[in-house]
1. For the condition farther than 19 Å from residue 4 by Cα and out of contact with any Leu (no Cβ under 8 Å at 6 or more places or on another chain), what is the one hit in 97, 30, 88?
2. Name the pairs whose Cβ atoms lie under 7 Å apart, with the first residue in the stretch 60-71 and over 19 Å from residue 49 (Cβ atoms), the second open to solvent by less than 80 Å² (accessible area, probe 1.4 Å) and not basic (Lys, Arg), and 6 or more positions between them or separate chains?
3. Name every residue in the stretch 76-89 that is under 25 Å from residue 56 (Cβ atoms) and assigned to a loop (DSSP other than H, G, I, E, B), in order of residue number.
4. Across the stretch 46-75, what is the total count of residues that are in a loop (DSSP other than H, G, I, E, B), open to solvent by 40 Å² or more (accessible area, probe 1.4 Å) and under 20 Å from residue 28 (Cβ atoms)?
5. So, residue 80, is that one modelled with pLDDT of 95 or more, open to solvent by less than 30 Å² (accessible area, probe 1.4 Å) and out of contact with any strand residue (DSSP E or B) (no Cβ under 8 Å at 6 or more places or on another chain) or not?
Amino acid sequence: NIAQTFRHTSPHMAHREVPQVLAWGEANRARALEQMGLIDRHLADGRPFICGDSFSIADITGGVSLDFARVPRIAILPELVHLMRWHAALLARPSWAA
């Protein structure tokens, strides 16, 4: 959803996404926010990782997705406190900053 938002709303992608469909980009922006809410609810029990008991590819994929979300200006909504907690912990990892 984040990538489709970028591809269909960014002027920089107009030459690659022909035709750009702004409505599709905005629909995917809404879907991305819905998915963030889903992950927030999943993390609501305080779990430190998206899947299982340790850091995994699910956390890496989620983190990369959230990092890329700033390009099409999709921010984590302030009410998604569990997702924000998880993301802050991810950003604090030395390996993430490398």
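1. 88
2. Filtered contacts from the stretch 60-71: 68/2; 69/2; 69/32; 71/6.
3. Listed by number, the residues that qualify are 76, 77, 80.
4. Total satisfying the criteria: 4.
5. Yes.
The values are calculated or read from the model by the stated rules, or taken from the named source; none is laboratory data. Note that the structure is a prediction, hence the values are computed from the model and not measured. Note: ideal-geometry Cβ built from the backbone for every residue, glycine included; neighbour counts use all protein chains shown. The area values use the complete protein model at the heavy-atom level, side chains included, leaving out ligands, DNA and RNA. Shrake-Rupley method; radii C 1.70, N 1.55, O 1.52, S 1.80 Å.
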